[in-house]
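The values are calculated or read from the model by the stated rules, or taken from the named source; none is laboratory data. As the structure is a computational prediction, the values presented were derived from the model and not from experiment. Reconstructed Cβ throughout: ideal geometry from the backbone, glycine too, with neighbour counts over all protein chains shown. Each accessible area value is taken on the protein alone, full model and side chains, heavy atoms only, with ligands, DNA and RNA left out. Shrake-Rupley method; radii C 1.70, N 1.55, O 1.52, S 1.80 Å.
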Amino acid sequence: MANLELKFDAIQQAITDAAVDAIIIIDETGLVRYFSASAERLFGFDSTEVLGQNVKMLMPAKEARAHDGYLHNYTSTGRPKVIGIGRDVIGRRKDGSTFPMHLSVGEAHTQEGRLFVGICHDLSEFKGLLEQLSSAERRYKDIIQYQREFICRLSSSLRLSFVNNAFCEQLGYQESEVLGISLLEFIHEDDRHKVESILTRLRAEQDEASLSLSCAVLDQQGGTHIIDWTFRTLPASSEFHYEIQVIGNNITEQVKAKQHAKFLAEYDSLTGFFNKDGLNRAFARSVDSSKDYAVFFTDSYRFRLINEKYGQDVGDLMLIEAAQRIKSCMPADSLICRPGADDFLLVVPINDKAEALPLADTLLHSIIEPYFLAGEKLVLSAVVGISFYGEGATELPVLIRQAESAMFEAKASHHPVRVYHQDIHQQLTMRLEIEQGIRRALDMNLFEVVLQAKYNLDDMSLDGYEALIRWHDPELGTVSPQVFVAIAEKVNLGIELDLWVLSNVLQQIAAWRKAGYLVKPIAVNITAAHFSLPGLFNQVERMTAELDLPMNCIELEITEGVAMGNSQVIMDNMQLFKRHGVSIAIDDFGTGYSSLGYLKDLPVQLLKIDRVFIKDIEHPKNYGLVNAMIAMADAVGMRVLAEGIETQRQRDILWKMGCDLGQGYLFAKPVSYEEIEKTLPTA
Ligand code: C2E
Ligand code: MG
Ligand code: MG
């Protein structure tokens, strides 16, 4: 094929050899007539292997087919498709591998005929760089698209020319709905001027300035988002065209959390009233020392029971309704606080102290009006304690303590409204000391039980005993059970106290029985909360069984209020004890205003008429009452015991009335186990 090789003179040869790009010359039939040194390097062929061969050997199959088409078209029509025009094509090396190259083809008319000169520029490196560049761009685009921040670009007329996914997703738009729209359209109208003025400043700044602000942005649904924006000018492409890069951080949740935390620090989330901290701050801000204020502290009974019976949700609804009522009936400039549970605390400006009591009354009624919840009519009873600003106290914590003491006093005295006075404070201190003392006494076993005998009035035979607790405290001295049992009940220690007495009495009975003594039943007083517990019967049953005692070695005394409580648990407890031979007595009968008719339905064996009626039994009113009680108990088959018989005359009157049993100093005072033991018969 060597005869086909074009002959170059020395200079032509030197020039073509020096060319960096490959030079390939072919004739009209496509045969290679010249293959430069650089072509040898690029394609990996020796020129002797290519000369005289069809140039298609340097192309992959697809390109080769196109080549035939181009050549045929040009030679037959004279219309060039590739001549004089550069194209990116694929070349094929000797080893079969392919590579991108830029091919430009020129045409020459020589004595050898028409020749085509192809210059091939290797694009491998360039294409590689291009590929790297575009994948880098893709990566950056992805990063920007999937940032949690809003990333946008604004044209000089503030229209959005780019938005990332975060912007669209968080605001609920499609990209096509926002591009071309002014950013200001998305800003809440109250904040637009802020954004406009910052953008004006930004434009006035020298290049690449950056400014930040937070503002409200509206989403597609009209919801508000708080966005922390940073605006930055990008280098201007011309004097009039510059762009602004905008990065926005959606801080709505943080702002909400902060506001909520701030709210919770000062407000009660259930009612929206102040909490104690909030009240203190509001009072410090608004108090005017030239004015008068009344502080009201309310608390209700039975709220705990409502929570227990109907669930906390109903309790919450009740408090919310109470809060609304309180708010609507108190002066508008009152500061209202819910310090906890069912308490409300109010600081109310007054012109005169005389206004306080009617206000307290209104407040009280707003709370105790029935509530219609959970399909029932629910009633709370409440008390209010009052203290006055300026009366020896101007500091809110002191005023609150005073009003709280008055509230406790109101509770203790069953008076719905009480005004603070100095004595209350002393009583309260005493109360606290007793409360701590009870805990100490329970821990250190400082209590003692004494027994008071009960007799049949007919023949003065012994019927049984009542166990009465005694407490001599090393610091407080002897404290009356009347006082400390009531306090124990208020601070939820009543049940512990009952259990202590029960266990003490049962152990004593067991010890006596073991020693061969015969013991009549001993009655134990049970507090209201304890008798309302569903587990009480099982507890007593377990305690007696552990000591191998029959349950009827004890009796129980409950107060009239408990017996009339109309609760299923209380009724069940009574039935269970009755079935197991444990007699139940209604203690202090007559003081609780219960209807006598109600008694007949109760599984109760004994009625203990309170001492107050016995003391002045000769007074016609008492005489009539006691007579009626005995007659009525008789009619329903209950026995009657008269408490506190101190004189023979009282005993005789009662005996004549038909009273079955008597208890009192006339017969026996409460005495220690040792004293009782001396009187016990043996088997
Ligand atoms: P109570 O259950 O009605 O007990 C009768 C109270 O009347 C006892 O007072 C007793 O000492 C007193 N008493 C008895 N006979 C006479 C009398 O002839 N004249 C006078 N003036 N008083 C008499 P005590 O022991 O001071 O108890 C007072 C209240 O404390 C009891 O009233 C009871 O409600 C409560 N209590 C006492 N011990 C216990 C106990 O162990 N558990 C519970 N839960 N309450 C108790
Ligand atoms: Mg009793
Ligand atoms: Mg009694």
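Stretching Glu618 away from Leu133 to a fully extended chain increases their span by 163.1 nm, per 0.36 nm per residue minus the current alpha-carbon distance. Ordering 23-33, 252-262 by mean Cβ neighbour count within 10 Å, with the highest value first, yields 23-33, 252-262. From the alpha carbon centroid of the range 651-671 to that of the range 61-106 is 133 Å. Protection proxy ranking of 337-345, 267-275, by the mean of other Cβ atoms within 10 Å over each peptide's residues and highest first, is 337-345, 267-275. Using the Cα gyration tensor of the range 2-127, with a ≥ b ≥ c the square roots of its eigenvalues, what is the shape: rounded (a/c below 1.5), prolate (a/b larger than b/c) or oblate (neither)? Rounded.
Relative contact order of the chain: 6 percent, from C-alpha pairs under 8 Å at least 6 residues apart in sequence.
Under 18 Å of direct C-alpha separation, and excluding same-chain neighbours fewer than eight residues apart, Lys291 reaches these lysines: Lys353. Mean separation of Cα pairs under 8 Å and 6 or more residues apart, divided by the residue count, gives the range 558-683 a relative contact order of 19 percent. Taking a Cβ cut-off of under 13 Å around Lys309, the surrounding Lys, Arg, Asp and Glu residues balance to a net charge of -1, with basic ones at +1 and acidic ones at -1. The largest accessible area among Tyr146, Tyr301 belongs to the first residue in Tyr146, Tyr301, and the rest follow in falling order (1.4 Å probe, all chains).
Could you tell me what percent of the accessible area of the chain is made up of carbon and sulfur, with a 1.4 Å probe and every protein chain present?
Carbon and sulfur together cover 51 percent of it.
Note down the magnitude of the dipole of the range 146-255 about its Cα centre, charges +1 on Lys and Arg C-beta and -1 on Asp and Glu C-beta and zero elsewhere, to the nearest 20 debye.
The calculated dipole for the range 146-255 is roughly 160 debye.
Comparing Cα centroids, the range 446-508 and the range 291-310 end up 32 angstrom apart.
Count Lys and Arg as plus one, Asp and Glu as minus one, and take only other residues whose Cβ is under 14 Å from that of Val540; the net charge is then -3.
Listed peptides 147-154, 551-558 appear in the order 551-558, 147-154 once ranked by packing, highest mean of other Cβ atoms within 10 Å at the front. Simple rule: put +1 on each Lys or Arg Cβ and -1 on each Asp or Glu Cβ in the chain, find the dipole, and look at Ile584, Ser38, Leu184; the Cα lying farthest toward the positive end is Ser38. Considering only the other residues whose Cβ falls under 15 Å of the Cβ of Met574, what net charge follows from Lys and Arg at +1 and Asp and Glu at -1? With Lys, Arg at +1 and Asp, Glu at -1, the net is -4. Annotation: lysines with alpha-carbon distance below 19 angstrom to Lys669 (same-chain offsets under eight excluded): Lys454, Lys520, Lys608, Lys615, Lys678. Derived scalar couplings between HN and Hα for the range 46-54 equal 7, 4, 5, 7, 10, 4, x, 8, 5 Hz in order, rounded to whole Hz, by the Karplus curve 6.51 cos²θ - 1.76 cosθ + 1.60 (θ = phi - 60°), x for Gly and Pro. Hey, if you put +1 on the Cβ of every Lys and Arg and -1 on every Asp and Glu Cβ in the chain, which of Gln427, Ser366, Met632 ends up farthest toward the positive end of that dipole? Checking the options against the dipole of the chain, the answer is Met632. Qualifying GluC sites (Glu not before Pro) in the range 468-500, where qualification requires a DSSP coil assignment and no more than 13 other C-beta atoms within 10 Å, comprise Glu475.
Looking at the range 169-220, none of the trypsin sites (Lys or Arg not before Pro) sits in a DSSP loop with at most 10 other Cβ atoms within 10 Å of its own Cβ.
Here the Karplus curve 6.51 cos²θ - 1.76 cosθ + 1.60, taken at θ = phi - 60°, turns the phi angles of the range 210-217 into couplings of 9, 9, 10, 6, 10, 7, 8, 10 Hz, with x standing for Gly and Pro.
With +1 on each Lys and Arg Cβ and -1 on each Asp and Glu Cβ, how big is the dipole of the chain about its Cα centre, in debye rounded to the nearest 20? Magnitude of the dipole: close to 720 debye.
For the range 1-58 and the range 166-197, what is the centre-to-centre distance using only Cα atoms, to the nearest Å? First find each Cα centre; the distance between them is then 64 Å. The residues of the chain expose on average 53 square angstrom of accessible surface per residue, using a 1.4 Å probe on protein heavy atoms. Note on Ala257 and Thr682: the model spin-label points, each 7 Å out from Cα along the C-beta direction, lie 7.9 nm apart.
Partner lysines whose Cα lies under 23 Å from the Cα of Lys7, excluding those fewer than 8 positions away in the same chain, are identified as Lys56.
Long hydrophobic helices in the chain: the complete DSSP H runs spanning 20 Å or more by Cα along their own axis with mean Kyte-Doolittle hydropathy of at least -0.5 are 312-329, 396-413, 494-514, 620-635.
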